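A short write-up of the structure that comes next.
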Amino acid sequence: MKRNASAEFIYQLFALIIAIIVVHAVYVTVIRPQADALIQHQLERQEAGESYVVQRSIFVVMRDFEQEACFVLMFWALAIMIFKAKETAAERRLLQNSLINLNEGVSILPEDARELSRPLQALPPDQQSMLLPRTLLKALQRFDSSRNVSDAAGAVKETCQTESDRLDSELAMVRYIAWAIPSIGFIGTVRGIGEALGQAHKAVEGDIAGVTVSLGVAFNSTFIALVISIFIMFCSHQLQLMQERLVIDTENYCDSRLLRFLTVRG
C-alpha cells in the first residue's frame, strides 16, 4: 500500500508540473497573442470613433492569469480522476474472474478456509492489494478463526466499509480543486473590479476603454471558473459513482460466491 501511495503521489506531482507547462505554453504562444491583438484592434477602432459591434472572442475570455490557473487545476484534477478511474476499472475486471471456484450445493467448513485462501494468497501482489481478494481473504480468515458465519459476513462489511471510506477520503484533493477553481475566478472578479474603479476618473472624462477591459477581466474570470467547476464536479460525481458501485458489487460477489456456502457443524 505504501508503494502504491508513493506511486500515486509521484504521478500527481508530475501531472501538476506537466499541466502547468502545457497550459502556460498554450497561453504564451496562442491565447494571449490572439487576445492582445483583438483588444488592440478594438481600442484602435474605438479611438478612431468608428461604430462597430464588439465581437466576443474565446481568446479574450480566456486570456487572464486567473483563467490560466483554472485550466491548470482542471487538467490536474482530470489527471487524478483518470488515475483513480483506471484503478477502479482494473478492480471491476477482477469481479469477472472466479477467484473461488465452488459448485452449487457445496458446503464450506471452517477447516476448508485455509485451503480456499491459498489461491488468493498466490495472486500477484498488485492483485492481492485489490478490494475483492482482500475481502475474500479477510472473510475466510475470520471464518477460520471464529468458526462463525456471521463473523465472516461482518468481515466482508467491515472491509468494504473501510474501502469506501478510503476511496472517499482520496477524493478530497479533487473536491478541494473543485472548490478552489471558483475561488480563483472570484479573485479575478475582485481584481478586475478594483482596476475598473481605479480608472473611474477616465470614464468620467469619456475614456471608457480601460474600464471596459477591467470589467471584462472581472466577468470573464468568473465565467470560465464556474464552467470549469461544473465540469469537474460532474466528472467527480461520475468517478464516485463508479467507486461506490465497485464496493457494492464486491459485497454482492462475496455474498453470492462465498458467504452462502459457509456452514458450521452443530
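Arranged from fewest to most other beta-carbon atoms within 10 Å of their beta carbon, S256, S229 become S256, S229. Taking amide H as placed 1.01 Å from N in the peptide plane, the amide H of I108 sits under 5 Å from that of L262, T263, each at least 5 places away or on another chain. Based on Cα contacts under 8 Å between residues 6+ apart, the range 2-261 shows a relative contact order of 25 percent.
With N counted as the residues of the range 2-261, its alpha-carbon radius of gyration over 2.2 N^0.38 Å works out to 1.53. In terms of surrounding Cβ atoms within a 10 Å radius of their Cβ, C235, C160, C70 rank from fewest to most as C235, C160, C70. Cβ crowding within 10 Å, taken as a proxy for footprinting-reagent exposure, orders I17, I39 from fewest neighbours to most as I17, I39.
The numbers here are math on the coordinates, done by the rules we state, and not lab data. As the structure is a prediction and not an experimental result, all values here were calculated from the model. Every residue, glycine among them, receives a Cβ derived from its backbone with ideal geometry; neighbour counts consider all protein chains shown.
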